[in-house]
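Structure, as structure tokens:
The values are calculated or read from the model by the stated rules, or taken from the named source; none is laboratory data. Note that this is a predicted model, so its numbers are computed, not measured. Every residue, glycine among them, receives a Cβ derived from its backbone with ideal geometry; neighbour counts consider all protein chains shown. Protein only, heavy atoms only, side chains kept; ligands, DNA and RNA dropped before computing areas. Shrake-Rupley method; radii C 1.70, N 1.55, O 1.52, S 1.80 Å.
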Amino acid sequence: MKNRAVIQGDGDYGFIDLGDMPSGKYTSDTILYATSTDWAIMDEFNSIADNHCGATAVTNIALYYAKRGYSKLKINSRLDTFKAVHKIVGNGPVMTIAGSAKEYFSDRGYTLKYSSVGDFSGIKSATTSDRPCGILLADGLFSWHWILSVGWREYTNGGNYLRIMDGWYDTVDRYYKINSGSLWISATEYWVSQ
């Protein structure tokens, strides 16, 4: 990704509601079960955690794969799952979550694999393989946020967007235009090894 300086953002990271997406022809894809996963949002855990977007993102990776049949990844409820994840990830800010996610999955009896994703083409490939991607964004020098990419949309006349679980709203009908409104710092795709 080409980096550009981000000094002070506006706090919304450039996220776009589905109804505010551009019109026009596009192609798109979304990972399996993205719309039916019981996603967690940060507000649910504000009383027990601080700066916990990283722990929420890892919780959502676990909830997604629980929906895919790896049932031991969800412990009773979203809250109980988050508590177990948070013991590993901790409060933020955290620069990386892959190792913590791998530890949580291992604790629950599964092998989590992951690989760095460097561009839109990598997101498209991960989506085709039904792999969510953890993405770290910067909205300013000290304003960072972990989200999950669960799909993509590419407009015929130009414009590449990620379909996201932003950790704030209980929906994946939100989008992020790459490096618009915030800077893509890193991305990692996740899958469970058989």
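Would you mind checking the range 166-194 for residues with the amide N under 18 Å from a putative spin-label position 7 Å along Cα→C-beta of Ser106?
Of the residues in the range 166-194, 190-194 have backbone N under 18 Å from the label point off Ser106.
Could you tally the net charge around Trp191, taking each other residue with its Cβ under 11 Å from the Cβ of Trp191, Lys/Arg +1 and Asp/Glu -1?
+1
Please list the non-local residues whose amide H lies under 5 Å from the amide H of Asp29, H modeled 1.01 Å from N, same-chain partners needing a gap of 5 or more.
Here Trp152 satisfy the definition.
Kindly write out, for the range 124-136 in residue order, the coupling ³J(HN,Hα) from the Karplus curve 6.51 cos²θ - 1.76 cosθ + 1.60 (θ = phi - 60°), rounded to whole Hz, with x marking Gly and Pro.
So the J values, rounded to whole Hz, are 4, 5, 4, 5, 4, 8, 6, 10, x, 10, x, 10, 9.
Ignoring ligands, DNA and RNA, please state the percent of accessible area on the chain from carbon and sulfur, probe 1.4 Å.
Answer for the chain is 46 percent, counting heavy atoms of protein chains only.
Work out how much length Asp29 to Asp173 would gain on full extension: take 0.36 nm times their residue separation and subtract the Cα-Cα distance, in nm to one decimal.
Length difference between fully extended and current span is 50.6 nm.
Student exercise: in the chain, how many lysine pairs 8 or more apart or on different chains have Cα atoms under 23 Å apart?
Count of close lysine pairs: 25.
Can you compute the label reach from Ser180? Point 7 Å from Cα along the Cβ direction, backbone N cut-off under 14 Å, restricted to the range 118-157.
153-157
How would you order 52-63, 129-140, 171-182, 108-119 from highest to lowest mean count of nearby Cβ atoms within 10 Å?
With the highest mean Cβ count within 10 Å placed first, the list reads 52-63, 129-140, 171-182, 108-119.
Kindly report the accessible area of the range 39-125 per residue (heavy atoms of protein chains, probe 1.4 Å, no ligands, DNA or RNA), in Å².
46
At a Förster radius of 25 Å, what calculated FRET efficiency corresponds to the Cβ-Cβ distance of Asp12 and Asp50, to the nearest 0.05?
Numbers: r = 20 Å, r/R0 = 0.81.
For R0 = 25 Å, the calculated efficiency reads 0.75.
If you average the sequence gap of Cα pairs under 8 Å that are 6 or more apart and divide by the length of the chain, what percent do you get for the contact order?
33
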